[in-house]
1. Give me the extension gain from Lys74 to Gln16: residue separation times 0.36 nm, minus the current Cα-Cα distance, reported in nm with one decimal.
2. How many lysine pairs are close in the chain, with Cα atoms under 22 Å apart and the two 8 or more places apart or on different chains?
3. Apply the Karplus parameterisation 6.51 cos²θ - 1.76 cosθ + 1.60, with θ equal to phi minus 60°, to every residue of the stretch 72-86 and state each ³J(HN,Hα) to the nearest whole Hz, in sequence, with x for glycine and proline.
4. For Arg71, what charge total do you get from the other residues with a beta carbon under 11 Å from its beta carbon, if Lys and Arg give +1 and Asp and Glu give -1?
5. Which of (i) 12.4, 38; (ii) 21.0, 63; (iii) 14.5, 43 is the computed Rg and Dmax of the Cα atoms in Å for the structure on display?
6. Residue-wise, which Karplus ³J(HN,Hα) couplings in Hz belong to the stretch 28-40, taking 6.51 cos²θ - 1.76 cosθ + 1.60, θ = phi - 60°, and x for glycine or proline?
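Each reported figure results from applying straightforward, stated rules to the coordinates on display, with no laboratory input. Everything numeric here is computed off the predicted structure, so don't read it as measured data. Here Cβ is always computed from backbone atoms with ideal geometry, including for glycine, and neighbour counts include all displayed protein chains.
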Amino acid sequence: MAKTIYELAKDAYDVQNACNLSGVVLSFAKAIVDLRQHTQGTDATNNHCVSVLWADKIAQLTGIQDLNNERVGKAYQEIYEILGFNKG
């Protein structure tokens, strides 16, 4: 059974503390399989906030992260909304 969008968002948020690239990559692959159950097509999956945060973590672990990337900032805001961090 596929994870919910909330669960996928929580995983994408939680993985930001990871330090093991192989574990992140393997978990990202599993997340993508579940995310595809909630999105319409490849572009929607690729550009979803969950995918962006996972990809950004991989970029950070491999030393190629762009800290001024507006897409990542937008993805964080979307994740915060899904997780209910922006309420009240």
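1. Between Lys74 and Gln16, full extension yields an extra 19.3 nm.
2. Lysine pairs satisfying the spacing and distance rule in the chain number 9.
3. Whole-Hz 3J(HN,Hα) from phi for the stretch 72-86: 5, x, 5, 4, 4, 4, 5, 4, 4, 5, 4, 7, x, 6, 8.
4. That works out to -3.
5. Matching the structure shown: (i).
6. Values, residue by residue: 4, 4, 5, 5, 5, 4, 5, 4, 4, 6, 10, 10, 10 Hz.
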